[in-house]
Amino acid sequence: KAGVTQTPRYLIKTRGQQVTLSCSPISGHRSVSWYQQTPGQGLQFLFEYFSETQRNKGNFPGRFSGRQFSNSRSEMNVSTLELGDSALYLCASSLGAQLYNEQFFGPGTRLTVL
Amino acid sequence: GNSVTQMEGPVTLSEEAFLTINCTYTATGYPSLFWYVQYPGEGLQLLLKATKADDKGSNKGFEATYRKETTSFHLEKGSVQVSDSAVYFCALIIQGAQKLVFGQGTRLTINP
């Protein structure tokens with residue numbers, strides 16, 4: 001079974017631009033979560049989608065948004081990029097329907113904001 | 001709130017040494033506990049997990065026991081290898097939630 005895939009793997013943008021990252025979950029998984037990883041803040045939860053609905057949200061500004069499609073693929077968007085948005089963005093998928101589900105991570109998209 | 005605290009790194013050991021990475025947690029509910037590993041340039045891989053008190057998770061020679069009385073989940077391995085060099089993250093998830101809460105990570109380097 002194929003794992004979680006993320007595209008693109010690397011991105012370079014300039015301040016003020018916007019960016020869209022994509023995540024394809026493991027087949028059959030309906031929950032997709034996004035995390036931001038930075039050297040200073042570590043791993044922080046952004047949001048989680050299940051069956052096209054945002055179920056959980058972390059403490060990030062409204063510039064960070066996401067969505068999920070009917071095939072469970074998810075995208076996250078960051079508008080008006082700031083230097084501090086440079087990070088590794090990780091996507092994780094899980095079955096999502098039970099109280100606890102193991103999360104499987106993709107390789108990440110490394111975003112650099114210049 | 002919910003939080004995870006790991007021992008500070010980096011940790012450097014010689015091959016075949018004994019490894020302990022400490023992890024303690026604070027949780028409002030009844031958490032499940034995890035250790036994830038991140039190799040250079042890669043995402044996170046689940047190393048082991050425990051879902052209730054006194055459970056022992058184990059994988060690839062690594063072990064951790066869920067200690068509710070001390071709110072701890074320390075990672076141990078009896079004999080480390082160079083290939084174990086990576087960053088290790090302790091994490092928790094509260095039952096009913098889909099949000100992992102991570103510790104700050106511990107960078108482990110094993111020298112031959």
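State the number of residues belonging to the range A:6-53 that are among the charged types (D, E, K, R), on the phi < 0 side of the Ramachandran plot and either surrounded by fewer than 16 Cβ atoms within 10 Å (Cβ to Cβ) or more than 10 Å from chain B (Cβ to nearest Cβ) (or both).
4
Just for the range B:1-13: of the residues that are open to solvent by 70 Å² or more (accessible area, probe 1.4 Å) and among the polar types (S, T, N, Q), which one is farthest from B:Arg107 (Cα to Cα)?
That would be B:Thr5.
Residues that are more than 14 Å from chain B (Cβ to nearest Cβ) and in contact with a Phe, Trp or Tyr (Cβ under 6 Å, 6 or more places away or on another chain): list the strands (runs of 3 or more DSSP E) wholly contained in the range A:64-114 that include at least 3 such residues.
In the range A:64-114, no matching strands (runs of 3 or more DSSP E) lie anywhere.
Residues of the range A:16-53 being of a type in the set (D, E, K, R) and assigned to a loop (DSSP other than H, G, I, E, B), which ones?
Selection gives A:Arg30, A:Glu52.
Kindly indicate the residue of the range B:79-112 that is of a type in the set (Gly, Ala, Ser) and more than 12 Å from chain A (Cβ to nearest Cβ) and also nearest to A:Gln54 (Cα to Cα) among those meeting that condition.
B:Ala86
Anything in the range B:42-54 that is touching a Lys or Arg at 6+ places or on another chain (Cβ under 9 Å), surrounded by fewer than 17 Cβ atoms within 10 Å (Cβ to Cβ) and within 14 Å of chain A (Cβ to nearest Cβ)? List them, or say none.
In the first step, residues of the range B:42-54 are kept if they are touching a Lys or Arg at 6+ places or on another chain (Cβ under 9 Å); the result is B:47-48, B:50, B:52-54.
Then drop every residue that is not surrounded by fewer than 17 Cβ atoms within 10 Å (Cβ to Cβ), which leaves B:52-54.
The answer is B:Lys52, and nothing else.
Condition first: closer than 11 Å to B:Phe73 by Cα, more than 13 Å from chain A (Cβ to nearest Cβ) and either charged (D, E, K, R) or in a strand (DSSP E or B) (or both). Now tell me which residues in the range B:17-39 satisfy that.
Across the range B:17-39, the qualifying residues are B:Thr20, B:Ile21, B:Cys23, B:Thr24, B:Tyr25.
The values are calculated or read from the model by the stated rules, or taken from the named source; none is laboratory data. The structure presented is a predicted model; accordingly, all values stated were derived computationally and were not measured. Cβ: placed from backbone, ideal geometry, glycine included. Neighbour counts: every protein chain shown. Heads up: the accessible areas ignore ligands, DNA and RNA and are worked out on the full protein's heavy atoms, side chains in. Shrake-Rupley method; radii C 1.70, N 1.55, O 1.52, S 1.80 Å.
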